[in-house]
1. Is the shape of region 1-116 best called rounded, prolate or oblate, per the rule: a/c under 1.5 gives rounded, else a/b larger than b/c gives prolate, else oblate, with a ≥ b ≥ c the square roots of the Cα gyration tensor eigenvalues?
2. How many nm separate the modelled label positions at residue 232 and residue 127, each set 7 Å beyond the Cα in the direction of the Cβ?
3. Roughly how many Å is it from the Cα centre of region 225-283 to that of region 291-315, as a whole number?
4. Quickly estimate the mean residue ellipticity at 222 nm for the chain, helices only: each DSSP H run with n ≥ 4 gives -39500 (n - 2.57), and the total goes over all residues, rounded to 500.
5. Among 122, 163, 220, whose Cα projects farthest towards the positive end of the dipole of the chain, with charges put on the beta-carbon of Lys, Arg (+1) and Asp, Glu (-1)?
6. Please turn the phi angles of region 42-58 into ³J(HN,Hα) values with the Karplus equation 6.51 cos²θ - 1.76 cosθ + 1.60 (θ = phi - 60°), one per residue in order, whole Hz, x for glycine and proline.
7. For residue 165, what is the net charge nearby, where nearby means another residue's Cβ is under 11 Å from its Cβ and Lys, Arg count +1, Asp, Glu -1?
8. Ratio of the chain's C-alpha Rg to 2.2 N^0.38 Å, to two decimals?
Amino acid sequence: MTLDLALKSPFASLMMAGYECSTHISPRHGRHDILRETLHDQQTLSDYRLLEPFGIRTVREGLRWNEVEPRAGQYQFSGVRPMIQAARTARTQVIWDLFHFGYPDNLSPFSGAFVERLEGLTRAFVKMLAEELPDPPLIAPINELSFLAWAAGEVGIFAPFAQGRGNELKRNLARAGIAASAATLEVAPHARLIHPDPAIHVVAPSHRPDLKPQAEFYRQAQFEGWDLISGRREPELGGREAYLDILGLNFYPYNQWEYGEGHKIRLDDVRFKPFSSIAKEVFERYQRPMIIAETGAESALRAPWLRYIAQEAIRAIQAGLPLWGLCLYPILNHPGWDDGRYVPCGLWGYRRRGERRIDEDYALEVMRFSQIFESLQHTQT
């Protein structure tokens, strides 16, 4: 299916903001709840108000599945409804992650029950959302299917801490994502589906040209998740082209590396592949609209990285690619997943009982590119 280039972006703003919402379980710190730890769940409306001067009207949020479904088939949306109300009050558009790394206790992501329960959660939530809001729901069934398969199934750094079972987990996550996509469209046929996964580039070390085939094979693996969802690969899982609606390209400074040795490829390295070239390859493969669903850096690198990725986004848009958004992720600093450290990666901090102290250098770049994106958005069709 070829993308109809006359299709209009459904997003309220090209510059977006994402709130870290993972509730995954790590080996050293147990269950995380980053929405609670950053106090975003308590001050959602005021956080949205902070975005207004920057022209950011679209955000990414996530369900805390372990809280929403404490027992199989029983849903409690009491923690979500205030966030929906805040979005309505602030006139903020929300992309909802249904499964962002955290899932209920006593549920295995390798199981058939996992697929069934994500499907049930999807039906219940999308139905509730469609009743609450007039606009078509924006749903991301699974955040970073490929990364999660690696983290939880291959190297065991996320629950259930399995090793050597990454391919098995990827396929069950694909089943779940397919089931959730189907359920979304059955409940709300005009809903839009977003599928975020890392966009990467992998090369052989300069002194090991013999590893080029292996490096390219690993690089091509970034497409497996989208191929499974669309049914291009292993159609017996139930994938369909209709489910592959909008692609979310998650791209950070560390998304390019040398095969085998893992050394990161720096931005000033001639082997660093420009993001606009990566986006072009993705579009040529799938003919789908895209957003940069996550991007950002830490500390002093925040502003220069935004300059780079925003300029690459502009280059892609001006080349005619349907790149419909750039999401600053996360927009709030947060505690580290593995070490609990204070991670200065956002536009605002969360210390001192929810005080939001802004990073001025980063803010200047966000404001500048938000204004540029605002004018670009009007030219997109």
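1. oblate
2. 3.4
3. Their Cα centres are 17 Å away from one another.
4. On the way: 13 runs with 140 residues, N = 381.
Computed mean residue ellipticity for the chain: -11000 deg cm²/dmol.
5. With unit charges placed on the Cβ atoms, the residue in question is 122.
6. Karplus values, whole Hz, x for Gly and Pro: 8, 9, 4, 4, 5, 5, 5, 4, 5, 7, 4, x, 8, x, 8, 10, 10.
7. Taking every Cβ under 11 Å from that of residue 165, the sum is 0.
8. So the chain has a normalised radius of gyration of 0.93.
A short reminder: the numbers here are calculations on the coordinates, not readings from a lab. Please read all numbers here as calculations on a predicted model, not as lab measurements. Glycine also receives a Cβ, built like all others from the backbone with ideal geometry; neighbour counts cover every protein chain displayed.
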